[in-house]
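Enquirer: After the structure tokens below, expect a handful of questions from me.
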Amino acid sequence: MSDTNQRQHIRTKLRAGIRLSHADVGSLKLRTADISDGGAYIFSEGNSLPNTGEVVYVQILGVGGDEAPLVKMKIVRDDGRGIGLEFVDED
């Protein structure tokens, strides 16, 4: 079975600038490849990123200025080109 058939959420290609924040890497400007109701895939663009399992904060750039919300996300995979992130419930 292919990865596409195993996905819980439909992915939409979306190239958007984001700011990823984590204590180990500081604040990095990166780009999304796609997004879904469950998370997003972010290109690493040659940057060293936190390890799988780490929680990061993501903010979309160019939408709402500095008022865009910080979204808590967890790194669920790293394929060398980028990372898969899943949204973390704040409850």
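Enquirer: Cβ contacts < 9 Å: first residue closer than 11 Å to Asn51 by Cα and of a type in the set (Lys, Arg), restricted to segment 67-91; second residue at pLDDT 95 or above and surrounded by fewer than 11 Cβ atoms within 10 Å (Cβ to Cβ), any location; separation 6+ or different chain. Result?
Expert: Partner pairs satisfying both residue conditions: Lys74/Gly53.
Enquirer: Please work out if Thr32 is more than 11 Å from the chain's Cα centre (by Cα), among the hydroxyl-bearing types (Ser, Thr, Tyr) and at pLDDT 95 or above.
Expert: Considered against the rule, which asks whether it is more than 11 Å from the chain's Cα centre (by Cα), among the hydroxyl-bearing types (Ser, Thr, Tyr) and at pLDDT 95 or above, Thr32 comes out as no.
Enquirer: Would you be able to tell me the number of residues in segment 44-66 that are touching a residue at least 24 places away in the same chain (Cβ under 8 Å), over 12 Å from Ile18 (Cβ atoms) and out of contact with any Asp or Glu (no Cβ under 9 Å at 6 or more places or on another chain)?
Expert: Number of matching residues: 1.
Enquirer: Here is a list: Val63, Val58. Which entry is modelled with pLDDT of 95 or more and either out of contact with any Phe, Trp or Tyr (no Cβ under 9 Å at 6 or more places or on another chain) or charged (D, E, K, R) (or both)? First the steps, then the outcome.
Expert: On the way: Val63 fails: modelled with pLDDT of 95 or more.
That would be Val58, the only listed residue that is modelled with pLDDT of 95 or more and either out of contact with any Phe, Trp or Tyr (no Cβ under 9 Å at 6 or more places or on another chain) or charged (D, E, K, R) (or both).
Enquirer: Hey, could you check segment 48-91 for residues that are of a type in the set (Asp, Glu) and part of a strand (DSSP E or B) and say which is nearest to the chain's Cα centre (by Cα)? Outline the logic, then answer.
Expert: Let us first name the residues in segment 48-91 that are of a type in the set (Asp, Glu), namely 54, 66-67, 78-79, 86, 89-91.
Filter once more, so that each one left must be part of a strand (DSSP E or B): 78, 86.
On the way: Asp78: 11, Glu86: 7 Å.
Applying the filter and picking the extreme gives Glu86.
Enquirer: Please go through segment 13-36 and give me each residue that is loosely packed, with under 14 Cβ neighbours inside 10 Å, under 16 Å from Leu49 (Cα atoms) and not small (Gly, Ala, Ser), ordered by number.
Expert: Those that are loosely packed, with under 14 Cβ neighbours inside 10 Å, under 16 Å from Leu49 (Cα atoms) and not small (Gly, Ala, Ser): Asp24, Lys29.
The values are calculated or read from the model by the stated rules, or taken from the named source; none is laboratory data. No experiment lies behind these values; they were computed from the predicted model shown. Heads up, the Cβs are rebuilt from the backbone with ideal geometry, glycines too, and the neighbour counts pull from every protein chain shown.
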